[in-house]
1. May I ask you to verify whether Val382 is surrounded by 21 or more Cβ atoms within 10 Å (Cβ to Cβ) and in a helix (DSSP H, G or I)?
2. Need pairs with beta-carbon distance below 7 Å; first residue among the small types (Gly, Ala, Ser) and within the stretch 849-862, second part of a helix (DSSP H, G or I); sequence gap 6+ or separate chains.
3. Looking at the structure I just gave you, is Thr521 over 20 Å from Pro493 (Cβ atoms), of a type in the set (S, T, N, Q) and open to solvent by less than 10 Å² (accessible area, probe 1.4 Å)?
4. Kindly list the number of the only condition in (1) farther than 26 Å from Leu62 by Cβ; (2) touching a residue at least 60 places away in the same chain (Cβ under 8 Å); (3) part of a helix (DSSP H, G or I) that fails for Gln823.
5. Could you tell me whether the stretch 357-377 includes any residue that is in contact (Cβ under 8 Å) with a residue 12 or more places away in the chain and either polar (S, T, N, Q) or assigned to a loop (DSSP other than H, G, I, E, B) (or both)?
6. Checking the condition open to solvent by less than 20 Å² (accessible area, probe 1.4 Å) and assigned to a loop (DSSP other than H, G, I, E, B), which residue from Phe352, Phe315 passes?
7. Would you please list the contacts, defined by Cβ atoms under 6 Å and residues six or more apart or on different chains, that run from a residue in the stretch 780-807 that is assigned to a helix (DSSP H, G or I) to a residue that is not β-branched (Val, Ile, Thr)?
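The values are calculated or read from the model by the stated rules, or taken from the named source; none is laboratory data. Values in this document were obtained by computation on a predicted structure and should not be read as measured data. Note that each Cβ is placed from the backbone with ideal geometry, even for glycine, and that neighbours are counted across all protein chains shown. Side chains are part of the model used for accessible areas, which takes the heavy atoms of the whole protein and leaves out ligands, DNA and RNA. Shrake-Rupley method; radii C 1.70, N 1.55, O 1.52, S 1.80 Å.
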Amino acid sequence: KMACCGSCLCCQCCCREGETRTPEELTILGETHDEDDEILPRKDYESLDYDKCINEPYVEVLEGMDNKTARKYEAVKWMVVFAIGVCTGLVGLFVDYFVRLFSQIKLNLVGKSVEECSEKGCLALSLLELLAFNMTFIFFASVLVLIEPIAAGSGIPEIKSYLNGVKIPGIVRFRTFVCKAVGVLFSVAGGLFVGKEGPMIHCGSIIGAGLPQFQSITFKKIRFNFPYFRSDSPTPRDKRDFVSAGAAAGVAAAFGAPIGGTLFSLEEGSSFWNQALTWKVLFCSMSATFTLNFFRSGIMFNSWGTFQLPGLLNFGEFKCSDGNKKCHLWTAVDLAFFVVMGIGGGLLGALFNCMNKRLAKYRMRNVHPKAKFVRLLESLLVSMVTTIVIFVASMTLGKCQNLSSPTTDNTTLLLQSPASEDGNSTIKQFFCRNKTYNDMAALFFNPQEVAIHQLFHQDGTFSPETLTIFFVLYFLLACWTYGVSVPSGLFVPSLLCGAAYGRLVANILKTNIGLDIYAGTFALIGAASFLGGVVRMTISLTVILIESTNEISYGLPIMITLMVAKWTGDFFNKGIYDIYIVLKGAPLLEWETEVEMDKLTASDIMEPNLTYVYPHTRIQSLVSILRTTVYHAFPVVTENRGNETEFMKGNILISNNIRFKKSSILTRAGEQRRRSQSMKSYPSSELRNVCDDQVSAEPVDEGQDMLQQMLERRHVPYPNLYPDQSPSEEWTMEERFRPLTFHGLILRSQLVTLLIRGVCYAENQSSATQPRLSFSEMTEDYPRYPDIHDLDLLLLNPRMIVDVTPYMNPCPYTVSPNTHVSQVFNLFRTMGLRHLPVVNAVGEIVGIITRHNLTQEFLLAKLRQHYITM
């Protein structure tokens, strides 16, 4: 399938991933796989449900709303997005301040020690000092990740999955926020090749998710009376929109790019978008940018209100020296070189992703399953190796370069920047005298942002040998570092690595070909090409880089370079964030399906074997269903039979049993049996005993005897299954696929809430006697609804009946069995659905579609099955 196989060993391993068959495909085709090709363990992630549940409690809320209330609600949303932006900017200020403080203390002490020991011959002592600083910082960062493992990495793959509709446990908790924000400043200050921009996006998303609720589940004392956004209805999309705004604010604060942040949230995150959300997200991004700019400018330069530092990472101003009239930032001829650099950046990015993917798989198989301290030891090992490489390379491999006179302005600007205060000069003179500097130390012994600034603006030369060695060492160490158990971003390492690559190309063109080019432009294009080859972003990254350079004329070359880098990298593998999403097993839905998938219809991909409930169901049946299945929604149905009215009491159908269906060819019967073992503590015989103990003997009239006889006749064909038995193996085809009239959907959380609150009525009573719950009572436990295993079964009367019709969603989105996959996919993704019932022309439910039925691997498996059966 891929044409890349054969170019290199690493690229071959990336090509083979396109041909790797999933467990579903192997099951369908009846094939087995070797142990070496074993798929990594997958997690059963839940989906987020952004569809409104139009049940009776919700309708009561709608009846109480008017236009004035809606306008007030909208005004509160604008205030909340402004608060999210301000808080994100303040978090960026906090992280930046302490990173600068710790880095300044470390580099000042180590720099003085190196200068003294270079004459006394005690450089080993300087190395030990540097190791002590770095490993102490990394120890704290790694410990914080052990406290909250989801805080590791950049968090962008998890936030991208969350905005796509995948519920990842702990991703937006307050504890995750604390561990992420504090951990990243230790990671960056500890000298690892990581950035703080990715974690800033994660932190902004957590602020967006948590701030509107004004409460914390981790810290229960944090709770304020602000009820607007605490429930998942009536506006279930609000939380996702706030997370989108927070992610955009994180990008805006990191790069000083509010428009780029808005486009990042649109391109990489949200599956649902509208004009109102665009305005809110842009306003939030602007708030974050100018909050950070205001405080940084005041603190760094004591110039309040001047807005001189728009973001945590700023590339400075690209301009030629005043005396050189022949100098141009770039020309039309340079575009050809930019295209070639884009191809090179795409190849390097694909190589980086391939190597990092293999490292991630190794960690998941051999490091993560072990004790937690093993992850800590790995982080310390990476820190130690990185520190030694930095020190040895700076001391032994650097060359002394002359500081030419035209660099005065740029050097002065750098020396005045916050990253180079108080002696933390960007120019390192280790073992160099007079007006010379150590070019390797200038790159390794400075904060990464300063090193990028030097490669973009430093007119003093960096030797090709230095740039080559720096690029190779930085590439390998950054690849090894991304994925260790510390909060870490990838934007700045990719930019620095790419800037070295671009500066190396500029040196070769200047020295060997004699072209008169602006080296800073080639460094910028190299940074864009490598970053684009790693993350595969186009629109948002183009705007982010333009806003960071403050030079609109770079728009065309940056856009062309990023497009070429993305196309080249996509030829070999996916972007780094998509790779980690796949490794984590998150069922991400892309923007659209492949054209070939339209050969399938909803009936081909749906799950036909349903577990459902009746409008009026006994508590015994509900408890059994909830404890023996893992489904999160159940169709509410009645059997569509000619004699259905025979089993009706008024218009009430009573169920006293569980309705099992035969497992499909992709069965998980073994997993179901393991999970259903919990039901052994509550078997049917025990339920009957509890019933006999708790229900007093009452006189049974003639009508009830007749009803009982009808119920007994009705359940004759259905075996009395126990949890340790294989479901429905002895059923006939007629029993397995009896037509069912669809009435609505009810969620697991709703059923558990009804059971806990005792919403039921007795068999000899009317359903009108059942207690009614309001909307606030139904959503009181949001976002942590109780589990069925939290129920005290002795408090339940198993023969009581629950009327679920007031609480089900009677009008969910549905599709026909003949609907093509592209239509199903677009409806499911754009509307943020969790369950999509498949209903035929006469109103009978024939299956249900969930997120897992629309993932790429599942659709490929079904497509291959379709070809086999043709």
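1. On the way: surrounded by 21 or more Cβ atoms within 10 Å (Cβ to Cβ): yes; in a helix (DSSP H, G or I): yes.
Judged against the criteria, Val382 is a match.
2. The qualifying pairs are Ala861/Glu24; Ala861/Glu25; Ala861/Ile28.
3. Criteria met by Thr521.
4. (2)
5. No, there is no match, as no residue in the stretch 357-377 is in contact (Cβ under 8 Å) with a residue 12 or more places away in the chain and either polar (S, T, N, Q) or assigned to a loop (DSSP other than H, G, I, E, B) (or both).
6. Details: Phe352 fails: assigned to a loop (DSSP other than H, G, I, E, B).
After applying the criteria, what remains is Phe315.
7. Matching pairs, first to second residue: Ile788/Leu626; Ile788/Arg627; Leu793/Tyr682.
Conditions (1) open to solvent by 40 Å² or more (accessible area, probe 1.4 Å); (2) at pLDDT below 85; (3) assigned to a helix (DSSP H, G or I); (4) in contact with a Phe, Trp or Tyr (Cβ under 9 Å, 6 or more places away or on another chain), marked per residue:
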residue	(1), (2), (3), (4)
Phe219	yes, yes, no, yes
Ser231	no, yes, no, yes
Lys239	yes, yes, yes, yes
Val243	no, no, yes, yes
Ala249	no, no, yes, no
Thr262	no, no, yes, no
